[in-house]
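Novice: Let me begin by handing over the structure; questions about it come next.
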Amino acid sequence: MVEDGVRTLRCWQVAELPTLESAEEIVAATGTVFGQLVVLAVARDSAASVHLYDGDQGWRRVPLAGAAVAYPLVDLLPDGDILVVSSRCRRFRDGTAEDNAHVFDPAGAHVRSFCLGDGIEHIGVDAAGTIWVGYFDEGVFGNLGWDDPIGAAGLVRFDGHGRRLWTYQPPAGAEPIADCYALNVDARTTWAYYYTGFPLVQITDGRARAHTPTPVRGARHLLVHRDEVLFIGEYGDPMRLTFSRLTDDTVAPAVLVDTDDAPLHAFHPIATHGSRLYLHADHRVLWADLAENAGNS
């Protein structure tokens, strides 16, 4: 919906954040491509647990067998296995490296681990269960012992066992990735937005297409529906929302409105899948969909 030149995106509440055990704190959260909510919590003794939201039964706590990882990201595989990834990973002089991806079964038992490389900014699991990984600059150019980084291409797709399936090659009109600022993983299509140049690249069935140039610099999240794009954040303003189109130079401000129709000024995006946004604000998890009221702009 557009009012007075401002695109409005309405939020709906999914759930209150889970009630944590004593001394636990939330360290990562996401909404999956299938709509599940996942919250990763860690206690002072480094014990980790995942809280999974079922709309009928509420939150279910699953203790994880193993110590928590540093700087974690979390998602679910289609079979219900839990994926926890550390964004940092050291490579040793003998050529081996830390396993920074850990898979747990639905009961929390550790199943396997593998290495996805250092400098991970984003992960996303698609409907087929493959893992998309976007890297920030240290993962692209190397640090922590990496002189030939796994993330040198900036965006890599792996299977659920850490085997590399696909590596990004910039299509015509786009530069290589130096830092993957935003990654949107939907069921079959993935969108990447990155420095330098900030193109918006669409990847479907392994084929990349660049939409350039984009009007926004420094966004950290984005939603896409048909030819519409909503950028979240820009340099100097992480809460700024900008509505744009892939087909022309249309640019307009946008605003998220809460369940009471009041503008939502303070929020934290936790996942984007196509046109859908998951975020938390205060003690609530909300969702919004760019596809709502599409065509009325």
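The values are calculated or read from the model by the stated rules, or taken from the named source; none is laboratory data. Computed from a predicted model, the values in this text were never measured in an experiment. Quick reminder, even Gly has a Cβ in these numbers, built from the backbone with ideal geometry, and neighbours come from all protein chains shown. When the accessible area is computed, the model is the full protein with side chains, heavy atoms only, and any ligands, DNA or RNA have been set aside. Shrake-Rupley method; radii C 1.70, N 1.55, O 1.52, S 1.80 Å.
Novice: Residues to consider are 152, 128, 210; find the one that is of a type in the set (A, V, I, L, M), surrounded by fewer than 21 Cβ atoms within 10 Å (Cβ to Cβ) and within 17 Å of the chain's Cα centre (by Cα).
Specialist: The match here is 128.
Novice: Out of the residues in the stretch 2-22 that are in contact with a strand residue (DSSP E or B) (Cβ under 9 Å, 6 or more places away or on another chain) and in a loop (DSSP other than H, G, I, E, B), state the one that is surrounded by the fewest Cβ atoms within 10 Å (Cβ to Cβ).
Specialist: Among those residues, the one meeting the criterion is 5.
Novice: Can you run down the residue pairs with Cβ atoms below 6 Å, 6 or more apart or on separate chains, where the first is in the stretch 131-148 and over 20 Å from residue 161 (Cβ atoms) and the partner is surrounded by fewer than 24 Cβ atoms within 10 Å (Cβ to Cβ) and of a type in the set (Lys, Arg)?
Specialist: That search, which allows pairs on different chains as well, returns 144/90; 145/90; 145/91; 146/91.
Novice: Would you kindly identify the strands (runs of 3 or more DSSP E) lying entirely within the stretch 200-249 that contain at least 1 residues that are farther than 22 Å from residue 8 by Cα and polar (S, T, N, Q)?
Specialist: In the stretch 200-249, 200-204 are the strands (runs of 3 or more DSSP E) which contain 1 or more residues that are farther than 22 Å from residue 8 by Cα and polar (S, T, N, Q).
Novice: In the stretch 216-247, how many residues are open to solvent by 70 Å² or more (accessible area, probe 1.4 Å) and either under 20 Å from residue 197 (Cα atoms) or without any contact (Cβ under 8 Å) to a residue 24 or more places away in the chain (or both)?
Specialist: Here the count works out to 7.
Novice: Regarding the stretch 69-83, can at least one residue be identified that is touching a strand residue (DSSP E or B) at 6+ places or on another chain (Cβ under 6 Å), without any contact (Cβ under 8 Å) to a residue 40 or more places away in the chain and over 18 Å from residue 25 (Cα atoms)?
Specialist: For the stretch 69-83, residues touching a strand residue (DSSP E or B) at 6+ places or on another chain (Cβ under 6 Å), without any contact (Cβ under 8 Å) to a residue 40 or more places away in the chain and over 18 Å from residue 25 (Cα atoms): absent.
Novice: Anything in the stretch 25-59 that is not in a strand (DSSP E or B) and not aromatic (Phe, Trp, Tyr)? List them, or say none.
Specialist: Within the stretch 25-59, 32, 33, 35, 36, 43, 44, 45, 46, 55, 56, 57 meet the criteria.
Novice: Does residue 153 qualify as being among the small types (Gly, Ala, Ser) and in contact with a strand residue (DSSP E or B) (Cβ under 7 Å, 6 or more places away or on another chain)?
Specialist: Spelling it out, residue 153 is indeed among the small types (Gly, Ala, Ser) and in contact with a strand residue (DSSP E or B) (Cβ under 7 Å, 6 or more places away or on another chain).
Novice: Please give the number of the condition residue 56 fails out of (1) acidic (Asp, Glu); (2) at pLDDT below 95; (3) more than 17 Å from residue 80 (Cβ to Cβ).
Specialist: The single condition residue 56 does not satisfy is (3).
Novice: Look at the stretch 60-74 and say how many of its residues are assigned to a loop (DSSP other than H, G, I, E, B) and surrounded by fewer than 16 Cβ atoms within 10 Å (Cβ to Cβ).
Specialist: Here the count works out to 2.
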